[in-house]
């Protein structure tokens, strides 16, 4: 977490949490969801405004974490902004040399692979569970064929409970 964020938390410890305003889609893109967008429909049917600003994306990535309930958030100074997840807390980007990076740019160490009923590939890593980005499926197939990963069957709807994350955090 950024030093400036930690300082803001000490200075203003009781800022209310924010829900519904930030979302992460299955391709690793962040979306702002103002009140108008939230009224228009649930995420991901109505996504909102895609965040494209490089410095803001880096700031979100450095301050992305989860609480004890398995609810993922972005610590924006003193305010905790909870994230709605289309799928999983992490979206994995596979690199030609074999590295696995999160949508935030963090390197991950893969522990196991999972394949759901629709053919989506998930990797459990030291950072947690994530979906392999659709553009990286050729690299994933190479890793499986090389014996680096042996996918086990899973049911997508059961993944949040098994891996302790919330797709739509709500106030406690």
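The values are calculated or read from the model by the stated rules, or taken from the named source; none is laboratory data. These figures come from a predicted structure and were not determined experimentally. Because the Cβ atoms are built from the backbone with ideal geometry, glycine has one as well, and the counts that use them run over all protein chains shown.
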Residue tally, condition in contact (Cβ under 8 Å) with a residue 12 or more places away in the chain, over 17 Å from residue 90 (Cα atoms) and in a helix (DSSP H, G or I), over segment 35-75: 2
Residues (under 13 Å from residue 74 (Cβ atoms) and in contact with a strand residue (DSSP E or B) (Cβ under 8 Å, 6 or more places away or on another chain)) located in segment 34-58: 51, 57
In segment 1-14, the residues that are surrounded by 14 or more Cβ atoms within 10 Å (Cβ to Cβ) and not in a helix (DSSP H, G or I): none
Members of segment 29-46 that are crowded, with 17+ Cβ neighbours inside 10 Å and under 25 Å from residue 129 (Cβ atoms): 30, 31, 33, 43
The one condition in (1) closer than 23 Å to residue 149 by Cα; (2) surrounded by 12 or more Cβ atoms within 10 Å (Cβ to Cβ) that residue 18 fails to fulfil: (1)
Hey, residue 171 farther than 14 Å from residue 100 by Cβ and modelled with pLDDT under 95 or not: yes
Residue within segment 109-127 that is under 21 Å from residue 2 (Cβ atoms) and outside the structural domain of residue 24 (by TED's automatic domain parsing) present: yes
Condition check for residue 67: surrounded by fewer than 16 Cβ atoms within 10 Å (Cβ to Cβ), within 15 Å of the chain's Cα centre (by Cα), outside the structural domain of residue 126 (by TED's automatic domain parsing) and farther than 30 Å from residue 144 by Cα: yes
